[in-house]
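Enquirer: Quick one: the structure is below, and I'll ask about it shortly.
The values are calculated or read from the model by the stated rules, or taken from the named source; none is laboratory data. All figures in this text were calculated on a predicted structure; none of them were measured in a lab. Here the Cβ positions follow ideal geometry from the backbone for every residue, glycine too, while neighbour counts run over all protein chains shown. SASA here: full protein model, heavy atoms, side chains in, ligands and nucleic acids out. Shrake-Rupley method; radii C 1.70, N 1.55, O 1.52, S 1.80 Å.
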Amino acid sequence: MDDWNRSRRAKNGKFQNEIPVIVKFSAGDIVSMLREFLSAKTQRRPKQPLPIVPLQRGTLSDRKDKIFWFGHSASLLQIGGKTILLDPMFGKNPSPLPFSRNRRFSVKLPITIEELPPIDIVVLSHDHYDHLDSSSIRKLIQKTGTFLVPLGVGKRIWKRGASPDTVIELDWGEERIIQGIRFTCTPARHFSGRGLFDQDTTLWCSWVIKTEKRSLFYSGDGGYGPHFKRIGRKHGPFELAFMECGQYMECGRYDKRWSGVHMLPEETVQAHRDIQGGVLLPVHWGGFALALHDWNDPVRRLSAAAEEQSIPYHIPRIGEAVYLDQIPLSPQRDVWWKDMGMK
């Protein structure tokens, strides 16, 4: 059965958002966008590479529940004795073009894929290049037990060499227990595609991740919408939520068309309240320059909004171990992102 025939979210071979968004651009929009990128006076990249905390073998094998953030949205979870990777983009640039100059802010990562322990589950939110990196997937196939993806994304994994029986595809509202961990595929307001002619032919999503002891949420990419409150009512509260924060536009016509598929930092804080998110850990920033704002604008604004609303948050250094038994964390004092690399 075709993926779109299986899903209520599909129509005429395309997946649909609950609230429509516009992500198609006219020639004038594209020219205007390129002009804005070339003339932007913001500091889109830090002046020096972002610091990393190298991962030690002892930390990875201590059997304690913890998470690591690798920059942008890539994160590693060790919960319930299992090792899980979220949107493991370990590549150097989020582009199909190998000569792209949009290099990673941290230059290198705290650990290579080859150095990682065996991965029980790789979880993907959608198929965009900054979340599904071909070189990373090819390397992970050899050491991953299961790939868990939204509808249609399985073909991206099979194409890179994975056996079909290692890939599980879910629609919004579907769930699966894998090695004792319950995963629920939940809505997001975004889009998909890796080329000019395949837009929205695969699904995008957020994820609820639960064990007997833990309850986590990963927003994936997406604009603000009423789905967050529904997720909170049905699946919350959560002890920690990875929430999209970054790569938004706030100038020109491009902003009006992009706002439905990415959140401003203040919207991220509101979405976190809606889902009853516990500690807020912002992702989708600190990796690449994909928008016009200052590289650290997302977390400067998010931290201010969270503090104003007394919402606990944590912004770890890349590679820093965050132990879940220590949540809720004390107020963050290490504001390493605040002034580093700014003019």
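Enquirer: Between SER95, TRP204, LEU60, whose Cα lies farthest towards the positive end of the dipole of the chain when Lys and Arg beta carbons carry +1 and Asp and Glu beta carbons carry -1, centred on the Cα centre?
Expert: Of SER95, TRP204, LEU60, it is SER95.
Enquirer: Around VAL283, with a cut-off of 13 angstrom between Cβ atoms, what is the net charge of the other residues, counting Lys and Arg +1 and Asp and Glu -1?
Expert: -4
Enquirer: Please report, as a whole percent, how much of the solvent-accessible surface of the chain comes from carbon and sulfur atoms (probe radius 1.4 Å).
Expert: 51 percent
Enquirer: Under a crude label model (7 Å from the Cα following the beta-carbon direction), how far is GLN332 from ILE168 in nanometres?
Expert: 3.2 nm
Enquirer: Less than 12 Å Cβ to Cβ from LYS229, Lys/Arg counted +1 and Asp/Glu -1: what total charge do the surrounding residues give?
Expert: +3
Enquirer: Please name which of PRO46, ASN17, GLY71 has its Cα lying farthest along the dipole of the chain towards the positive end, using unit charges on Cβ (Lys, Arg +1; Asp, Glu -1) and the Cα centre as origin.
Expert: Looking along the dipole axis, the top candidate is PRO46.
Enquirer: If the limit is 19 Å between Cα atoms, which of LYS11/LYS159; LYS92/LYS159; LYS92/LYS155; LYS210/LYS234; LYS14/LYS155; LYS82/LYS143 go over it?
Expert: Result: LYS11/LYS159; LYS92/LYS159; LYS92/LYS155 exceed 19 Å.
Enquirer: Set Lys and Arg Cβ to +1 and Asp and Glu Cβ to -1, take the dipole of the range 115-222 about its Cα centre, and tell me which of SER192, THR166, SER215 lies farthest positive.
Expert: THR166
Enquirer: Oh, and also: Of PRO312, PRO187, PRO150, which has the largest mean-square fluctuation in a 10 Å C-alpha GNM of the chain?
Expert: In this elastic network of the chain, the residue with the biggest mean-square fluctuation among PRO312, PRO187, PRO150 is PRO312.
Enquirer: Now, a different point. Take the Cα coordinates of the range 133-192, assign each an equal point scatterer, and use the Debye formula without solvent to give log10 I(q)/I(0) at q = 0.23, 0.27 Å⁻¹.
Expert: At q = 0.23, 0.27 Å⁻¹ the computed log10 ratios are -1.01, -1.18.
Enquirer: I would also like to ask the following. Given R₀ = 35 Å, what would the calculated FRET efficiency be for GLN199 paired with LYS47, taking r from the Cβ atoms and rounding to 0.05?
Expert: Efficiency for this residue pair is about 0.45.
Enquirer: Follow-up question, since we're still on this one. Would you calculate the convex hull of the Cα atoms in the range 50-118 and tell me its volume per residue in Å³?
Expert: Dividing the Cα hull volume of the range 50-118 by its residues yields 91 Å³.
Enquirer: Let me know the longest stretch in the chain that avoids all chymotrypsin sites (Phe, Trp or Tyr not before Pro) found in a DSSP loop with at most 12 other C-beta atoms within 10 Å.
Expert: Longest run free of exposed loop sites: 198-343.
Enquirer: A further question on this structure: According to a simple spin-label model (label point 7 Å from Cα along Cα-to-Cβ), what is the distance in nm between ILE177 and SER95?
Expert: 4.7 nm
Enquirer: Please check: in the Gaussian network model of the chain (C-alpha springs, under 10 Å), which one of GLY278, GLY246, GLY180 has the largest mean-square fluctuation.
Expert: Ranking GLY278, GLY246, GLY180 by mean-square fluctuation puts GLY180 first.
Enquirer: LYS64: which aspartates and glutamates have alpha carbons under 13 Å from its alpha carbon, excluding same-chain residues fewer than 8 sequence positions away?
Expert: Output for LYS64: ASP325.
Enquirer: Comparing GLU18, GLU266, GLU212, which has the greatest mean-square fluctuation in the GNM of the chain with Cα pairs linked when under 10 Å apart?
Expert: GLU212
Enquirer: About its Cα centre, how strong a charge dipole does the chain have in debye, to the nearest 20, once Lys and Arg get +1 and Asp and Glu get -1 at the Cβ?
Expert: My answer is approximately 520 debye.
Enquirer: Still on this structure, I have one more. Given the convex hull of the Cα atoms of the chain, what is a quarter of its surface area in nm²?
Expert: Mean projected area of the Cα convex hull: 16.4 nm².
Enquirer: What full-extension length gain, to one decimal in nm, is calculated for LYS155 and ARG138 as 0.36 nm per residue of separation minus the Cα-Cα distance?
Expert: 4.8 nm
Enquirer: Could I ask something else about it? What does the charge count around THR112 come to, taking other residues whose C-beta lies under 14 Å from its C-beta (Lys +1, Arg +1, Asp -1, Glu -1)?
Expert: Here the charged neighbours net out to +4.
Enquirer: Note the full-extension length gain between ARG230 and ARG63 as 0.36 nm times their separation in residues minus their Cα-Cα distance, in nm to one decimal.
Expert: 56.8 nm is the gain from fully extending ARG230 to ARG63.
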